[in-house]
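Heads up, the thing below is written out as structure tokens.
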Protein chains: 2
Amino acid sequence: METKYLALPGPTYVEPDVLLEMSKPIFNHRNSKFKELLIDVTEKTKKLLMTENEVFFLTSSGTGAMECAVVNCFSRGDKVLALINGSFGQRFADIAKQYEVEVIEHHGTWGKGFDQEKIKEIINEHGDSLKGITIVHCETSTGVLNDIKSISELRVSEDTLLLVDGISSIGAESVETDQWGIDVILTGSQKVLALPPGLAIIAFSHKALLACENSKLPKYYWDIKTYRKFYKEKKETPYTPAIPLYTGLLKQLKELESKGFEKEIEKHKNISNMVRTAIRAMGLELLNDDHVSANTVTPILVPEGIDLKEMRTILLKKYGVDVAGGQGKLEGQIFRIGHLGNVEPLFVISVLAALEMTLKELGHPLEIGTGVKAAQEFWFDGK
Amino acid sequence: METKYLALPGPTYVEPDVLLEMSKPIFNHRNSKFKELLIDVTEKTKKLLMTENEVFFLTSSGTGAMECAVVNCFSRGDKVLALINGSFGQRFADIAKQYEVEVIEHHGTWGKGFDQEKIKEIINEHGDSLKGITIVHCETSTGVLNDIKSISELRVSEDTLLLVDGISSIGAESVETDQWGIDVILTGSQKVLALPPGLAIIAFSHKALLACENSKLPKYYWDIKTYRKFYKEKKETPYTPAIPLYTGLLKQLKELESKGFEKEIEKHKNISNMVRTAIRAMGLELLNDDHVSANTVTPILVPEGIDLKEMRTILLKKYGVDVAGGQGKLEGQIFRIGHLGNVEPLFVISVLAALEMTLKELGHPLEIGTGVKAAQEFWFDGK
């Protein structure tokens, strides 16, 4: 059976009218048509990110944008605090270490938020010498939403840049780039923006752009100075852009803006709460507490006696439902339902229905319909 | 008027059935469907490149693949000879210099081939200490096809890797990766493969892969060791791939294979010769001599008294024909007709017809129909 329900934390379902928009003839990326498109997506992305900062687009996955953030802001030997409570927090640290940045790894518990007091101590200890903090907003591997605003406020030095991976949060969580003092924020096309993978977005604050001027790390494709110069002088990207993703992005940004950015965040929040309510009603255990759970992905402990691989295979082959497994140290222990982008309540109810029947088939003691009923009631009452 | 004739050296026209193929629903890049696709495109790409070397795919433009080649093969201080006779040869050198590779820049004349004797001297002078040579096969900025096979044979040390940018040549020129001893070859999706931009292809020889193991240059997203491990162990890419470009690539590779790779090269060669014949018949001057001219792009000197910007504007607005300007030091002096990928003789004849009428309108002394007639005759006689 073909996948009909892509319940991953990315890539996400792409609407046919977006695919159609992206199927229009390729055009010259050095002509006015592309320049106008680039200006449009730049300005609309600023609204999405709630920022006046400069926005750039990269032909890469989100990981490329993470590397771009690091190599533009720092130099060899710079002290950077990497806040890690999942795979992607670790990735930020690993990238910086590749470039001989002096990374102070602070490990929180996977599936929990950070202990603000401990972080405060580390930041105070290093004072002005701390050149940056890296953090993931929604840690896709655990479904934990880290508190960016509070971490930002713990900074004691003007010189400490805050680099935020917003890959699976932007559009589905409140992100006030300027208000919160985020220096670099980045995301990818295949998450809440509900486009195919292949385009990354990154925004640099004035302070971060000053750091770019002084950064000594080697770079070429990721060098933001080149992107900045091309945008300023020609409204172009320096290297051939992934044109269809820009036309798709414009469509999606217009759509999000017309629906209302706030409303979209609320939709994701409601769906997340609905899923959590249903999972609890089914007697399954959630990895995270409610107060740290992200709106885009719900990680669930694999019930005892259930073979995860078998469960995922039945879900996929029999029901066309694709849920994600665990990552890193949580591999084999959890599975994750992604609910971001174009998802609607009935989509998630279908996923839950298939999950109940699959678990039942595998011998898990569970009354079919319990979770679905709880989800329906949650939604019905909330309307 | 919309662009109807994309006569650029990339991005090129994408067929509707390829766009349709790429518009199929997004699927999980960690499931068997993607793994099978990745194996398929890997194996078929090997045939295209005439190689048994390992092939990898990057979500990036071609420039990203050039950086990938450099950062995986070398270390700081390594001596590398950069052969430069156009913008892209310079780019290879600039990338390497960013990473403090000791770059020996050898400048040939833009629009000419290299002087083999001079290169031989430099290679002999450095002997075993020369860790690599970078060269562009088809220098898109000048339309010169560099002689890779001969340069390869000039090497005197087993330690000298040959890195080749085949971005606008692969598929349209004979490239015998293994026979010629190319260590790294790379290309992009938006050229002869006639896909939208956003995917780069890169192949490493056994010797180059050994160099990857020893390279000390910092890298994360471009680290071929990671791609290699993921392909070997899981038949996956490490980071979310640009899925539709892989489905499109499979379709295009199947198409090229069924048409015959040799036949496609011949098609490009014939079209190139047809364009050159027509341009000469029109009394315009070609930048390059026949024996160094590439099959994919024809650079033409801007006729005296003609305003290039005005010429391109009329071509685009009145006829929907988009030809490229010059790059780097040739900006303003030449324009380039790209004829690669899905191009057919009648496409090029349309472009030539529009060019004649545009030049006539701008007061250039030229009898309308001369170039078109010469192109028709060339094609008719060759059939």
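Brief remarks on what is shown
- Of the criteria (1) of a type in the set (S, T, N, Q); (2) within 14 Å of chain B (Cβ to nearest Cβ); (3) within 16 Å of the chain's Cα centre (by Cα), which one residue A:247 fails: (3)
For every residue, the table says whether it meets (1) on the phi > 0 side of the Ramachandran plot; (2) crowded, with 24+ Cβ neighbours inside 10 Å.
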residue	(1), (2)
B:5	no, no
B:10	yes, yes
B:15	no, no
B:28	no, no
B:50	yes, no
B:80	no, yes
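- Counting only helices (runs of 4 or more DSSP H) that fall entirely inside the range B:233-348 and contain at least 2 residues that are at positive phi, in contact with a Ser or Thr (Cβ under 7 Å, 6 or more places away or on another chain) and assigned by TED's automatic domain parsing to the domain that holds residue B:89, no element qualifies.
- Residue B:95 under 25 Å from residue B:129 (Cβ atoms) and within 11 Å of chain A (Cβ to nearest Cβ): yes
- Members of the range A:163-190 that are surrounded by fewer than 24 Cβ atoms within 10 Å (Cβ to Cβ) and more than 18 Å from residue A:42 (Cα to Cα): A:173, A:174, A:179, A:180, A:181
- Among the candidates A:167, A:185, residue that is in contact with a helix residue (DSSP H, G or I) (Cβ under 8 Å, 6 or more places away or on another chain), farther than 30 Å from residue B:93 by Cβ, at the interface with chain B (Cβ under 10 Å from one of its Cβ atoms) and of a type in the set (A, V, I, L, M, F, W, C): A:167
- Of the residues B:294, B:278, the single one that is closer than 23 Å to residue B:45 by Cα and surrounded by 19 or more Cβ atoms within 10 Å (Cβ to Cβ) is B:294.
- Residues (in a loop (DSSP other than H, G, I, E, B) and farther than 27 Å from residue B:65 by Cα) located in the range A:1-48: A:1, A:2, A:3, A:4, A:8, A:9, A:13, A:14, A:15
- Taking the listed residues B:74, B:57, the one that is within 12 Å of chain A (Cβ to nearest Cβ), within 30 Å of residue A:324 (Cα to Cα) and crowded, with 23+ Cβ neighbours inside 10 Å is B:57, with no other qualifying.
- Criterion applied to B:54, B:105 was being under 20 Å from the mean Cα position of the chain (by Cα) and under 30 Å from residue A:223 (Cα atoms), and the one residue passing it is B:54.
- Each residue in the range B:326-343 was checked for being surrounded by fewer than 18 Cβ atoms within 10 Å (Cβ to Cβ) and not basic (Lys, Arg), and 5 pass.
- Subset of the range A:1-12 [facing chain B (nearest Cβ under 7 Å) and under 18 Å from residue B:23 (Cβ atoms)]: A:3, A:6, A:11
- Residue count, the range B:22-38 (criterion: more than 8 Å from chain A (Cβ to nearest Cβ) and either touching a Leu at 6+ places or on another chain (Cβ under 8 Å) or under 16 Å from residue B:339 (Cβ atoms) (or both)): 1
- Summed over the range B:358-383, the residues that are outside any helix (DSSP H, G or I) and of a type in the set (Gly, Ala, Ser) give a count of 2.
- Only listed residue being within 14 Å of chain B (Cβ to nearest Cβ) and under 24 Å from residue A:184 (Cβ atoms), chosen from A:239, A:231: A:239
- Taking the criterion of being surrounded by fewer than 24 Cβ atoms within 10 Å (Cβ to Cβ) and in contact with a Lys or Arg (Cβ under 8 Å, 6 or more places away or on another chain), the residues of the range B:133-159 that qualify are B:154, B:158, B:159.
The values are calculated or read from the model by the stated rules, or taken from the named source; none is laboratory data. Not measured: the values here are computed from a predicted model. Glycine gets a Cβ as well: all are built from the backbone with ideal geometry, and neighbour counts include every protein chain shown.
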